[in-house]
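A short write-up of the structure that comes next.
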Amino acid sequence: MSDRPKTPTLDRVTLPADLKGMTDRELRLLADEVRAETISAVSVTGGHLGAGLGVVELTVALHAVFDAPRDKIIWDVGHQCYPHKILTGRRDRIRTLRMKGGLSGFTKRSESPYDPFGAAHSSTSISAALGFATARDLGGDAGDAVAVIGDGAMSAGMAYEAMNNAGHLKKRLFVVLNDNEMSIAPPVGAMSAYLSRLYAGAPFQEFKAAAKGAVSLLPEPFQEGARRAKELLKGMTIGGTLFEELGFTYVGPIDGHDLDQLLPVLRTAHDRATGPMLIHVLTRKGKGYAPAERAADKGHATGKFDVVTGEQKKTPSNAPSYTKVFAQSLIREAEADDRIVAITAAMPDGTGLNLFAERFPRRCFDVGIAEQHAVTFSAGLAAAGLKPFCALYSTFLQRGYDQVVHDVAIQRLPVRFAIDRAGLVGADGATHAGAFDIAFLANLPDMVVMAAADEAELMHMVATAAAIDDRPSAFRYPRGEGVGVEMPERGAPLEIGKGRIIATGGRVAILSFGTRLSEVLKARENLSQRGLAPTVADARFAKPLDRDLILQLVSDHEALITIEEGAIGGFGSHVAQLLAEEGIFDRGFKFRSMVLPDTFIDQSSPEDMYATAGMNATEIEAKVLDTLGVARIGEKRA
């Protein structure tokens, strides 16, 4: 007869405090149930599956040993946090992950006191944890600070900056290095090789601890064997030397899926640590779910799927994705020009550069989660005469902005920035929205800034960037599928700083920058039925502006409306500056600019997010009517 408890262990957990009275055997059962619950939930919602499955036992162990929310557990990056959310009072909402009005796919301070720090971009946890530990020692909230950071996130310079400072300050602080040999893509760089050497002898962690004089930190059963082994290991370079040189006590590597190892090590560390400690935990991304373990990305990001087969449920589309169009266009350009090289920061699949790497393996470089380095590395390539395309998500390019200014723009180096995920991105929410790149790039002298209105235009912009040899350039495009336009065989370079008229009308002109053009044309069709068909133009360039086109639109119409998938301060602001300098406003000309609102928009579908932003066809139509002072149906004007 089974001795399994009649009531599922997870059903007895409302908050982490409920783990304190559980036996180690019950905690093992709980981990199994949390894994099953995570798989079930993500099958319904889609999301980041593999990372969470890899830390189920670690999550249970941390909450069993530490006392959240008094102790601050910071997950870096938030991809790992789904099991944490299940155990911290959010199980009843876990099937709303990444949905409108539901749980965020990342940790979020406003969502729960158990999320002490928001983490949707990587490599921030150690800095934040050190902040909590320092505030504690200055009289702030008591409690420990625990940073759980993936090995991929450790490739970013910010993690080392934080560790260097933490080692200097000597605060009691825990860094759990979740080493799964993989972030989003397979690991790259010297750090990965170093960790591989460390865990090559994983069964002998007690010997390593002995050789480093850390016997007292081991669980009691290991200590005697470690002492006996000490003499055998004299003179050998073993243990976490790098981390110890940074001022951390190093423990590990230990099996992150074995609670019989995790629990005693964490308990001993919790009871005895006095300064900063790094606990090196080995895990497997996608652990416990065969389809994720078999996947190339270990189930990093998935749509809704069938739990039994792992088959994802995808909506068929006849149009290619913008990401794929970019990759294929870049391959065509690289076939004709052997100076073209491609750079990404741990996102080869997300940016499409995996396709480029298959065709040109020696000309494609994944630098790891290190956007600052990616930008300056690209600048060095450009200075040496190559043609670098630096492919980053808009939200991640923000992390390398100083390098864009100092290392690229000031030196006028022809780095080409391919900016994926421009605009609102849907389920990943505000942390991954590409809202600011137009504004922060278009204010840089001599920078060429383009936005594709559709997938064919993207092909032309890749060709345009390849042809620009005398200054930096950038082109942006959204997540998802194109609009289904006819595609050329190969892109053709555009005339720099020149837009195009799409449709001629009267009274009002709409100047679109980016993929809102399709919504503008829908609005025009509706307005045409009222005899108010606007002129529609595609700006193509935010910098340099097409001065002649803009002034022509002004002279031929009584109002001009710009629209862009970006924040205040971008394309529309540059158009307004031009009109002000030309004295257009002195003549009473009507100008309006449709931009993303001055707020962060939470996760939903992209269409719904753009409705919230007031930038779909219905809202564009209303903006035209309001600008012209024309009443909408059912309205009366004063």
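The values are calculated or read from the model by the stated rules, or taken from the named source; none is laboratory data. These numbers were taken from a predicted model, which means no experiment stands behind them. All Cβ positions, glycine included, derive from the backbone under ideal geometry; neighbour counts span all protein chains shown.
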- Could you grab me the full set of residues in the stretch 428-462 that are crowded, with 24+ Cβ neighbours inside 10 Å and in a loop (DSSP other than H, G, I, E, B)? 433, 435, 452, 453
- Item | Count of residues meeting criterion [crowded, with 18+ Cβ neighbours inside 10 Å and of a type in the set (Val, Ile, Thr)] in the stretch 469-487 | 0
- Do the conditions hold for residue 510, that is, is it modelled with pLDDT of 95 or more and in the same structural domain as residue 563 (by TED's automatic domain parsing)? yes
- Item | Breaking point among (1) over 19 Å from residue 477 (Cβ atoms); (2) over 22 Å from the mean Cα position of the chain (by Cα), for residue 376 | (2)
- Message: What's the number of the only condition in (1) under 30 Å from residue 8 (Cβ atoms); (2) of a type outside the set (A, V, I, L, M); (3) touching a residue at least 12 places away in the same chain (Cβ under 8 Å) that residue 118 fails to meet?
- Response: (1)
- Message: Just to verify a result, which residue in the stretch 504-536, among those that are among the charged types (D, E, K, R) and in a helix (DSSP H, G or I), is nearest to the chain's Cα centre (by Cα)?
- Response: 519
- Item | the stretch 137-161 - residue that is buried (at least 24 other Cβ atoms within 10 Å of the Cβ) and part of a helix (DSSP H, G or I) and, of those, nearest to the chain's Cα centre (by Cα) | 153
- Item | Given (1) in contact (Cβ under 8 Å) with a residue 60 or more places away in the chain; (2) closer than 15 Å to residue 575 by Cβ; (3) hydrophobic (A, V, I, L, M, F, W, C); (4) touching a helix residue (DSSP H, G or I) at 6+ places or on another chain (Cβ under 7 Å), index of the condition residue 541 fails | (4)
- By residue number, the members of the stretch 378-398 that are over 10 Å from residue 415 (Cα atoms) and assigned to a helix (DSSP H, G or I) are 394, 395, 396, 397, 398
- For the stretch 313-336, how many residues are surrounded by 14 or more Cβ atoms within 10 Å (Cβ to Cβ) and touching a strand residue (DSSP E or B) at 6+ places or on another chain (Cβ under 8 Å)? 9
- Matching residues, the stretch 562-588, being in contact with a Pro (Cβ under 9 Å, 6 or more places away or on another chain) and either surrounded by fewer than 24 Cβ atoms within 10 Å (Cβ to Cβ) or part of a helix (DSSP H, G or I) (or both): 567, 568
- Query: Given 419, 438, which one is touching a helix residue (DSSP H, G or I) at 6+ places or on another chain (Cβ under 7 Å), closer than 26 Å to residue 337 by Cβ, outside the structural domain of residue 103 (by TED's automatic domain parsing) and of a type in the set (Val, Ile, Thr)?
  - Reply: 419
